[in-house]
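To start, the structure itself, in structure tokens.
The values are calculated or read from the model by the stated rules, or taken from the named source; none is laboratory data. Please read these numbers as outputs of a predicted model, since none were measured by experiment. Positions of Cβ are generated from backbone atoms using ideal geometry, with glycine treated the same way; all protein chains shown enter the neighbour counts.
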Amino acid sequence: MRKTLYIIGLSVAVFSCTSQRNAKKRQYIPKTPSVQPKTTAKTTDEKPKPKVSTEHGVDFFTTNIADATKNDNTASYGSIVSAKPVGYKVVKDYFPAIAQNFRQRYLILHYTALPDDKSITVLTQQAVSAHYLVNNTGDNEIYQLVDENKRAYHAGISAWRTDKNLNDTSIGIEIVNTGYITDASGKRVFAPFDEAQIKKVAALVKDIATRYQIPATNILAHSDIAPTRKQDPGPLFPWKRLYDEYQIGMWYDDAAKQNYYDLAVSTDFPSKYNDSTFIFNVQTQLQKFGYALDLSGKWDDATKKTIEAFQYHFRPQNYDGIMDPETYAILQALVLKYPLK
Ligand SMILES: [Zn+2]
């Protein structure tokens, strides 16, 4: 497998060099466009043209082309792709629009539920894919399988807050991990992640989230956006550590959690547990936080699975799908800290 990867890598390198050479040949000196006559005297409010550089056959803006104060997530540096209509020249140096942002608004983390070699085969040869694959081979490589500007097929039917079909707007990261087995009592027992993998994931997420200015509320588990279908990356994925050490994703404040916990236990939590009003309130909080859930007023299967998904992410010590006082306190602390804007 390593040999095959090396050969693929070599051919990519050769291709890149060829592309770069061709790109240099095609360079041209931009002229002043006739549609907008310019005065020779420079005014102080004239904006500089955005600079474009070509690296490995791909053009990049090297300065901020838009007004970040008028966009929610326009970053300053990214690849740009232009049409090459036969007989015409597309000019991109003159009129970049302020009204633009990135399509990449979410980061979704997965585990492959397969070992290394099978993960690569499935994610490259079958009807599922991800932008990145974090291997388990102990080296410093991270495989990119899909260009960041293209859709990968990793999320499936999915929703978070006001958004649906998150394949359209997300970058997917698959982590090689064998997933879970079910023990005799029916409990899911998950496989741990290697320390080296966690460091790779953290560095990769940090890089992508920074470039696209992806907010903490949009860095999520597959199980968050498809809680009735998915468990990955599961309760052993260290979300708190990523938050503490790398400032990645969401986590609650302890003081707020403690206040909600005290409130929950002082109001005789168990006695109202099966009241439809209480269940409705729990479902409303889950929905407010981001999960797609019907407000049935019943502990139905979808609600239990959604609570379990929430526990995988935010209360991984016990993921039994039961809304106990601690889980409820954490949920309310998160809703308080990350309100829907
Ligand atoms: Zn997944």
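Numbers for the structure displayed
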item: Every residue from region 180-202 that is within 16 Å of the ligand (Cβ to nearest atom) and modelled with pLDDT of 95 or more; result: Tyr180, Phe190, Ala191, Phe193, Gln197, Val201
item: Flag if Thr112 is among the polar types (S, T, N, Q), farther than 27 Å from Gln287 by Cα and in contact with an Asp or Glu (Cβ under 6 Å, 6 or more places away or on another chain); result: yes
item: The listed residue being outside the structural domain of Gly186 (by TED's automatic domain parsing), of a type in the set (Phe, Trp, Tyr), surrounded by 14 or more Cβ atoms within 10 Å (Cβ to Cβ) and modelled with pLDDT of 95 or more, out of Tyr273, Tyr319; result: Tyr319
item: Test: residue in region 277-288 that is crowded, with 22+ Cβ neighbours inside 10 Å and over 17 Å from Ala159 (Cα atoms); result: yes
item: Which listed residue is among the acidic types (Asp, Glu) and at pLDDT 95 or above, from Asp268, Asp294; result: Asp294
item: Selected residue [within 16 Å of the ligand (Cβ to nearest atom), under 11 Å from the mean Cα position of the chain (by Cα) and modelled with pLDDT of 95 or more] from Leu166, Leu236; result: Leu166
item: One residue from Leu220, Leu293, Leu236 being crowded, with 18+ Cβ neighbours inside 10 Å and in the same structural domain as Asp163 (by TED's automatic domain parsing); result: Leu220
item: Members of region 203-233 found to be away from the ligand (no atom under 16 Å from the Cβ) and assigned to a loop (DSSP other than H, G, I, E, B), listed by number; result: Gln213, Ile214, Pro215
